[in-house]
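The values are calculated or read from the model by the stated rules, or taken from the named source; none is laboratory data. A quick note: this is a predicted structure, and the numbers were derived from the prediction, not measured. Don't worry about glycine lacking a Cβ; one is built from the backbone with ideal geometry, like all the others, and counts go over all protein chains shown. Side chains included, ligands, DNA and RNA excluded: accessible areas come from the protein's heavy atoms. Shrake-Rupley method; radii C 1.70, N 1.55, O 1.52, S 1.80 Å.
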Amino acid sequence: MKSNSLFNVPGYRQLLASLILSSLGGQITMIALPLTAVVLLQASPTQMGILMAAELLPFALLSLPSGVWLDRWPKLPVVIRGELLLGCLVMTIPGVWYLGWLNMAWLYAVGLGTGCVYTVAGSASQIVMTQVAGRAHLVQAHAQTALSTSIAEIAGPASAGVLIKLLGAPL
């Protein structure tokens, strides 16, 4: 590996690994959440549409304001807190299911919450990647990020299928 390699930039490997894991987790959630609604709650087509809208609405409503907000705050803590919040939101589903409280309203709330976090923390992670990689490695960093996201988009649904088969949709 060359000494001026992007992988020698302090923090880059960790950031790239976290982005890969986050993308993979997002792809798994994208499959498991609707399957949970359909299989366990027998969601109607209307309910499924509302669930998808709850997940996508934050992108339309928060993209511009979150960019302005992120200009005023340190980005790395936003990314870290966002990833932790995503994990907490998604982990509520098995717990609520186990208690017998799982319903469509809960899935709507989780979908809306994950959409909000993806919008804000996702924007922050792109900024952090730019800051960590620096100007000299910017194109290479974004190329590796795009490649990682593409791999997650391929591996995520397959992983979700295996996990759902082994553990069930809510787990």
Checked pairs for region 107-136, first surrounded by 19 or more Cβ atoms within 10 Å (Cβ to Cβ) and modelled with pLDDT of 90 or more, second acidic (D, E) and outside any loop (DSSP other than H, G, I, E, B), C-beta under 6 Å and 6 or more apart or across chains, list as G111/E55; G115/E55
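Across region 137-152, what is the total count of residues that are farther than 25 Å from L64 by Cβ and either of a type in the set (K, R) or open to solvent by 60 Å² or more (accessible area, probe 1.4 Å) (or both)? Outline the logic, then answer.
Taking region 137-152 as the starting set, the residues that turn out to be farther than 25 Å from L64 by Cβ are 137, 139-140, 143-144, 147-148, 150-152.
With either of a type in the set (K, R) or open to solvent by 60 Å² or more (accessible area, probe 1.4 Å) (or both) added as a condition, the list becomes 139-140, 147, 151.
Within region 137-152, residues that are farther than 25 Å from L64 by Cβ and either of a type in the set (K, R) or open to solvent by 60 Å² or more (accessible area, probe 1.4 Å) (or both) number 4.
Got a sec? Which helices (runs of 4 or more DSSP H) wholly within region 1-100 have at least 1 residues that are acidic (D, E)? It would help to see each step written out before you state the result.
Working: elements: 12-41, 45-70, 75-99.
Filter on region 1-100 gives 45-70, 75-99.
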query = Just to be sure, is L16 closer than 20 Å to G156 by Cα, within 16 Å of the chain's Cα centre (by Cα) and open to solvent by 80 Å² or more (accessible area, probe 1.4 Å)?
reply = no
Taking region 1-30 and keeping residues of a type in the set (K, R) and modelled with pLDDT under 85 leaves K2
